[in-house]
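Below you'll find the structure, written out as structure tokens, and then a few comments.
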Amino acid sequence: QVQLVESGGGSVQAGGSLRLSCATSGISGIIFSIKTMGWYRQAPGKQRELVARISSTGNTNYADSVKGRFTISRENAKNTVYLQMNSLKTEDTAVYYCWTTRLGDDYWGQGTQVTVSS
């Protein structure tokens, strides 16, 4: 029922910025407003890892590798979560996935590619 669609990925030089968006469908705005949302990423040959998470109350947490550079936010009126990525590094290159959980099940978007070149 729940669908997550990421957008905003692309290619950027080191030090640049990108803003990812995750649009949620299949649930009401009321349900979205109380859900925890997050971003994960997976680089080639690596395990998928947590990047950032935001709760229904706006509480956030970040992976140590992105603290001070990335910001997660949500706009409940649009059922959308964002990831603002600044000061990008080559090691940020990965497929980025939107995530949420509902009734004990995990839901994932299709992923959007972020490539950072030096």
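The values are calculated or read from the model by the stated rules, or taken from the named source; none is laboratory data. These numbers were taken from a predicted model, which means no experiment stands behind them. Counting neighbours? That spans all protein chains shown, and the Cβs are built from the backbone with ideal geometry, glycine included.
For segment 43-97, which fully contained strands (runs of 3 or more DSSP E) count at least 1 residues that are closer than 26 Å to G29 by Cβ, touching a Phe, Trp or Tyr at 6+ places or on another chain (Cβ under 8 Å) and of a type in the set (G, A, S)?
49-54, 70-75
Being in a strand (DSSP E or B), of a type outside the set (D, E) and crowded, with 16+ Cβ neighbours inside 10 Å is the filter here; which residues of segment 4-23 pass it?
Correct list: L4, V12, L18, L20, S21, C22.
Quick grid of which residues meet (1) modelled with pLDDT under 95; (2) out of contact with any Leu (no Cβ under 8 Å at 6 or more places or on another chain); (3) not β-branched (V, I, T):
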residue	(1), (2), (3)
V12	no, no, no
S17	no, no, yes
I34	yes, yes, no
K46	no, yes, yes
V51	no, no, no
N61	no, yes, yes
E75	yes, yes, yes
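Would you pick out the residues in segment 13-29 that are in contact with a helix residue (DSSP H, G or I) (Cβ under 9 Å, 6 or more places away or on another chain) and either at positive phi or of a type in the set (V, I, T) (or both)?
Passing the criteria: only T24.
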